[in-house]
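The values are calculated or read from the model by the stated rules, or taken from the named source; none is laboratory data. Note that the structure is a prediction, hence the values are computed from the model and not measured. Ideal geometry is used to build each Cβ from the backbone, glycine not excepted, and the neighbour counts take in all protein chains shown.
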Amino acid sequence: MLNPMDLTIAIPVRNEERNLASCLQAIGSDLARQVVVIDSGSTDATAAVAHTHGAECIQFHWDGRFPKKRNWYLRHHTPTTGWVLFLDADEILTPAVKREITAALMSTSHQGFLLSFTNYFLGRRLRGGYPLRKLALFRVGEVEYERIEEDHWSHCDMEVHEHPIVPGSIGLIRSRIDHRDLRGIDSYMAKHNQYAAWEAHRLFSHRHQPHTTASWKPHQRLKYRLITSPWGGLAFFLGSFFLMGGWRDGGTGFAFCLFKAGYFTQIACRLRELEQLQTCRQQGAKGA
């Protein structure tokens, strides 16, 4: 396996006692030099689970502004290894993924790697739908997540959809990480409700500060062009369920695609509401 001196695995968490043990067990002791759990004041047994599995646990207290959890960790607890891999507590490294990461990091000129994921929904592994990939493995000291000034309009203390800014080339780990949240449908819905509010505020901010979109990649521009319209949810559903094979998962696949379509529709509606509120304020200011 990979020389333990090469890699740190960082896991940002809050109240993840149900997921964290499986995540840490899958990492094992032969992949990374260090495993760090970055906790946001969990009120459950998250910290105890981290210590039981030999992971270092550090506490993060967000003040509502930049930096959030991942960038804060990179700046204030900079890993001493050459590479860092950010995992969520509901992401399980499979043996195939660990082998591929090992082989990739032994000899590469890339600055970062996209990771591939398999989704689970209602306890079932999904075969269809849009492929899930994200950039979460990169060289220490060369990459940070994009900076978004929030000034307390969000309750998300961790970078969720902020993208790492990579100055060089990006590789791809094709073996899939299992993305399996054990906290149930209530947690799933609450999480995406929070994410939708964040995305709407982010888009609202970008509309009034166009220069902030300069670093967006083509796929980001397409995504945000779609979800600024209520029709974006329908477009996602049709593409995911019919074109990308969501139908292969039967009723579970239909429900998953429907939930995701609702999420994108919610973003568009929240954005429209923010625009309407601003218009009302401007009209009120003029009439005063």
Please count how many residues of segment 43-91 are basic (K, R) and surrounded by 15 or more Cβ atoms within 10 Å (Cβ to Cβ). 3
Which residues, counting only those in segment 1-51, are without any contact (Cβ under 8 Å) to a residue 60 or more places away in the chain, in contact with a Ser or Thr (Cβ under 7 Å, 6 or more places away or on another chain) and closer than 22 Å to K98 by Cα? A32, R33, Q34, V36
Which pairs do you get when a residue that is over 11 Å from R270 (Cα atoms), found in segment 186-198, comes within reach of a residue that is in a helix (DSSP H, G or I), reach meaning Cβ atoms under 6 angstrom, with the pair 6+ apart or on two chains? H192/Y263
Specify the residue that is farthest from L172 (Cα to Cα); the eligible residues are those in segment 106-119 that are at pLDDT 95 or above and in contact with an Asp or Glu (Cβ under 9 Å, 6 or more places away or on another chain). T118
Residue by residue through segment 163-186, note down the ones that are assigned to a strand (DSSP E or B) and within 16 Å of the chain's Cα centre (by Cα). P164, I165, R176, I177, D178, H179
Please note which strands (runs of 3 or more DSSP E) are completely contained in segment 29-92 and include at least 3 residues that are in the same structural domain as G171 (by TED's automatic domain parsing) and in contact with a Leu (Cβ under 9 Å, 6 or more places away or on another chain). 34-39, 83-86
Going through segment 148-202 one residue at a time, which ones are of a type in the set (V, I, T) and closer than 30 Å to Q111 by Cα? I148, V160, I165, V166, I170, I173, I177
Residue satisfying condition, being of a type outside the set (G, A, S) and assigned to a strand (DSSP E or B), within set Y130, Y120: Y120
Residues in segment 96-124 that are under 30 Å from G251 (Cα atoms) and without any contact (Cβ under 8 Å) to a residue 24 or more places away in the chain: how many? 1
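Conditions tested, residue by residue: (1) surrounded by fewer than 17 Cβ atoms within 10 Å (Cβ to Cβ); (2) under 19 Å from K223 (Cβ atoms).
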{"residue": "T102", "(1), (2)": "yes, no"}
{"residue": "S107", "(1), (2)": "yes, no"}
{"residue": "G112", "(1), (2)": "no, no"}
{"residue": "N119", "(1), (2)": "no, yes"}
{"residue": "F138", "(1), (2)": "no, no"}
{"residue": "V143", "(1), (2)": "no, no"}
Output the residue which, of all residues in segment 270-288 that are surrounded by 15 or more Cβ atoms within 10 Å (Cβ to Cβ) and among the hydrophobic types (A, V, I, L, M, F, W, C), is farthest from the chain's Cα centre (by Cα). L274
Of the residues that make up segment 178-199, is at least one modelled with pLDDT of 90 or more, among the basic types (K, R), surrounded by fewer than 16 Cβ atoms within 10 Å (Cβ to Cβ) and in contact with a strand residue (DSSP E or B) (Cβ under 9 Å, 6 or more places away or on another chain)? no
Which of the residues that make up segment 137-162 are part of a loop (DSSP other than H, G, I, E, B) and in contact with a helix residue (DSSP H, G or I) (Cβ under 7 Å, 6 or more places away or on another chain)? I148, W153, S154, H155, C156, D157, M158, E159, V160, H161
